[in-house]
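The structure appears below as structure tokens.
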Amino acid sequence: EPEVTQTPSHQVTQMGQEVILRCVPISNHLYFYWYRQILGQKVEFLVSFYNNEISEKSEIFDDQFSVERPDGSNFTLKIRSTKLEDSAMYFCASSAQEGPNEKLFFGSGTQLSVL
Amino acid sequence: QKEVEQNSGPLSVPEGAIASLNCTYSDRVSQSFFWYRQYSGKSPELIMSIYSNGDKEDGRFTAQLNKASQYVSLLIRDSQPSDSATYLCAVYGGSQGNLIFGKGTKLSVKP
């Protein structure tokens, strides 16, 4: 089965540094998402992206966050100046179509640790 | 604020038994519901989706939806040790790709 791939699997950074998390969505998918999960907490929606634009973003996705599709295959999440509370597992996901019944395929995640 | 609530468990069942996992949601107009399985340190994996009241069966899994009671459940028949994981209930949040997850119920199946 096709899968969403994420790199790196683990990222350690110092507070205040910029990080870029990378994702390669499934090749024929058009809708891309980032979610995060703080240890022991719920999986939380961050942002959805379609046609090179943000479709929807949550309250968590503030000015420190940005997303980009720099080429035809990659989808990135940038955190401009990391805080301790940004430490979490970040999941990329993609779907072929839009709509409430559409299946989201999740990547294996990047564990971000901010020291 | 839309909420999805689950009993965090752990729920412990013997191998071969039926595991019953429950979820309630706050937004009465929610229309799409999903059960994900998440092994420790791994990504959520979709098991079942359900959109209409009633039961939906897929192999050993049955999802049940009661919109009047705002209640979704997942039954796992003939539970296996490999079913031991955290089960996440998710509800479509009303905008593209926005799933609202519960905190999950940890299931432990004892051999």
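No lab work stands behind these numbers, since they all come straight from the coordinates. As the structure is a prediction and not an experimental result, all values here were calculated from the model. Positions of Cβ are backbone-derived with ideal geometry, glycine not excepted, and every protein chain shown enters the neighbour counts.
In this structure, residue A:9 does not qualify as in contact (Cβ under 8 Å) with a residue 12 or more places away in the chain, more than 29 Å from residue B:102 (Cβ to Cβ) and exposed (fewer than 14 other Cβ atoms within 10 Å of the Cβ). Within the stretch B:66-111, restricting attention to residues that are more than 14 Å from residue B:27 (Cβ to Cβ) and touching a Gly at 6+ places or on another chain (Cβ under 7 Å), the residue that is nearest to the other protein chains (Cβ to nearest Cβ) is B:88.
Look at residue B:20 and say whether it is within 14 Å of chain A (Cβ to nearest Cβ), polar (S, T, N, Q) and in contact (Cβ under 8 Å) with a residue 40 or more places away in the chain. For residue B:20, the condition - within 14 Å of chain A (Cβ to nearest Cβ), polar (S, T, N, Q) and in contact (Cβ under 8 Å) with a residue 40 or more places away in the chain - is not met. Scanning the stretch B:8-19 for residues that are in a strand (DSSP E or B) and surrounded by fewer than 15 Cβ atoms within 10 Å (Cβ to Cβ) returns B:12, B:14. If you go through the stretch B:29-77 and keep only what is in contact (Cβ under 8 Å) with a residue 60 or more places away in the chain, of a type outside the set (Gly, Ala, Ser) and surrounded by 14 or more Cβ atoms within 10 Å (Cβ to Cβ), you end up with B:34, B:36, B:38. Scanning the stretch A:58-115 for residues that are out of contact with any Ser or Thr (no Cβ under 7 Å at 6 or more places or on another chain), under 30 Å from residue B:51 (Cα atoms) and part of a loop (DSSP other than H, G, I, E, B) yields A:58, A:59, A:60, A:61, A:96, A:97, A:98, A:99. Would you point out the residue of the stretch A:30-47, among those that are more than 22 Å from residue B:103 (Cβ to Cβ) and either surrounded by 19 or more Cβ atoms within 10 Å (Cβ to Cβ) or of a type in the set (Ser, Thr, Tyr) (or both), that is nearest to the other protein chains (Cβ to nearest Cβ)? The selected residue is A:31. Residue count for the stretch B:78-98 under the criterion of being buried (at least 23 other Cβ atoms within 10 Å of the Cβ) and within 20 Å of residue B:7 (Cα to Cα): the result is 6. Sort out which residues of the stretch A:48-72 are touching a residue at least 12 places away in the same chain (Cβ under 8 Å), more than 22 Å from residue A:18 (Cβ to Cβ) and loosely packed, with under 14 Cβ neighbours inside 10 Å, and write them in order of number. The one that is touching a residue at least 12 places away in the same chain (Cβ under 8 Å), more than 22 Å from residue A:18 (Cβ to Cβ) and loosely packed, with under 14 Cβ neighbours inside 10 Å: A:51. Of all the numbered requirements in (1) more than 26 Å from residue B:106 (Cα to Cα); (2) touching a residue at least 12 places away in the same chain (Cβ under 8 Å); (3) facing chain B (nearest Cβ under 8 Å); (4) out of contact with any Phe, Trp or Tyr (no Cβ under 6 Å at 6 or more places or on another chain), residue A:108 misses one, and that requirement is (1).
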